[in-house]
Amino acid sequence: MSSITFSAPFTSPSEVVGQLRQRGYAVLAAVDTARWLGCDLADLMAQNGDWARLAPDDFMRDAGRYRRRRHACFVVQRGQVQQVPHRAHWQPVEYNALHGGMERWFAPMEQSAVARPVWQQLLAALAGLCDAVFADAGTAERWFVEAHQFRIDTTDGIGRPTPEGAHRDGVDLVAVFLVGRAGIKGGETRVFEAAGTSGQRFTLMEPWSLLLLDDARMIHESTPIQPLAEGGHRDTLVVTCRRGNFQGADVVGAAPASQPGSAIRRAPAD
């Protein structure tokens, strides 16, 4: 696997809405991610230790042992962030041929993580972006938000960030934050038009750089990673926003008694 990297097509925070409308995606450097969210980059970096405590993903149909993750769900409207009881992640096979059609009960995000002010800012900013790009003018939609903390490691030689291949997620917005990478090569990001021929390839290298995608228009994937040093891994935060309801809301309920629950938290009003 080549270690050649391609520079990301970074944009400025002021151009994010326009880039999403025009191209279907936008990419922010780490310092601009913080500016766009209205926080300090140090506050984002302070979350990185959470990725050392992720739980194994026990739903890998390729029998892989390279993925660890945690998951949480929220409803966000007008800057108010409400965490909902822990629920399964579900996708139809049309969007995930490998893992679609099954209820996947991942370990919940730690409550200390979702209670941080920067976490509330992050979700509120993404929902506000969705209002600006996808909602009618002046409308503040209820956005059903799923957050996934991922660590892909190279314990078995190769780690696959997107084992399902190039895909869409069946939502309105996909946000992929690179939290960190260490001791690896690969992990190239690729985005393609769903109804066209153009595409872009680049490698996110800087912690808390960000890819934003109009999921209806863009297909995306990340290439496999290989180790350059012992303990090589790639950490990401993937947040999706969807109107109407959570995907699979008609087939997936809240956690049964055997599953861990989550408290409901609400951000303070502006």
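Post the alpha-carbon centroid distance, the range 186-238 to the range 1-40, in whole angstrom.
For the range 186-238 versus the range 1-40, the Cα centre distance is 12 Å.
Counting heavy atoms of the protein chains only and a 1.4 Å probe, report the per residue accessible area for the range 1-94 as a whole number of Å².
48
For the range 15-243, which whole-number percentage of the solvent-accessible area (1.4 Å probe, protein heavy atoms only) is attributable to carbon and sulfur atoms?
The nonpolar share, carbon plus sulfur, comes to 48 percent.
Can you give me the span-like helices of the chain, meaning DSSP H runs with 18 Å or more of Cα extent along the axis and Kyte-Doolittle mean at or above -0.5?
Details: long enough: 117-134 (25 Å, 1.26).
Passing helices, by number: 117-134.
Can you tell me the dipole magnitude for the range 1-106 around its Cα centre, using point charges on the Cβ only (Lys, Arg +1; Asp, Glu -1), in Debye to the nearest 20?
Dipole about the Cα centre, nearest 20: 180 debye.
Identify which of the listed values of semi-axes √(5λ) of the Cα gyration tensor in Å was calculated from the structure shown: (i) 30, 21, 19; (ii) 36, 21, 15; (iii) 25, 23, 19.
The listed entry that was calculated here is (iii).
If exposed means no more than 15 neighbouring beta carbons inside 10 Å and the site is in a DSSP loop, what's the longest run of the chain without any exposed GluC sites (Glu not before Pro)?
Numbers: sites that count: E94, E103, E110, E230.
In the chain, the maximal stretch lacking such sites is 111-229.
Charges on Cβ only, +1 for Lys and Arg, -1 for Asp and Glu, centred on the Cα centroid of the range 112-177; of G157, V171, C130, which one is farthest towards the dipole's positive end?
Positive-most Cα among the choices belongs to G157.
So how far apart, in nm, are the two label points at A249 and A63 if each is 7 Å from Cα heading toward Cβ?
Going from the A249 label point to the A63 one covers 3.9 nm.
With a cut-off of 8 Å between alpha carbons and a minimum separation of six or more residues, what is the relative contact order of the range 15-243 in percent?
Across the range 15-243, relative contact order equals 26 percent.
Of the residues Q47, Q22, Q226, which exhibits the maximal mean-square fluctuation in a Gaussian network model of the chain defined by a 10 Å Cα contact cut-off?
Sorting by GNM fluctuation, first place goes to Q22.
Between A42 and E164, what FRET efficiency comes out of the Förster formula 1/(1 + (r/R0)^6) with R0 = 51 Å and r the beta carbon distance, rounded to 0.05?
0.90
Please identify, among G24, G196, G38, the residue showing maximal mean-square fluctuation in a Gaussian network model of the chain using a 10 angstrom Cα cutoff.
Its mean-square fluctuation being the largest, the pick is G196.
I'd like to know which of V93, V145, V31 lies farthest towards the positive end of the charge dipole of the range 15-243, counting +1 on Cβ of Lys and Arg and -1 on Cβ of Asp and Glu.
In the range 15-243, that residue is V93.
Under a plain spin-label model, where a point goes 7 Å from the Cα along Cα-to-Cβ, how far apart in nm are R201 and E94?
With each label point 7 Å from Cα toward Cβ, the separation is 3.0 nm.
The values are calculated or read from the model by the stated rules, or taken from the named source; none is laboratory data. Note that the structure is a prediction, hence the values are computed from the model and not measured. Heads up, the Cβs are rebuilt from the backbone with ideal geometry, glycines too, and the neighbour counts pull from every protein chain shown. The protein model used for the area step is the full one, side chains on, heavy atoms only, and it has no ligands, DNA or RNA in it. Shrake-Rupley method; radii C 1.70, N 1.55, O 1.52, S 1.80 Å.
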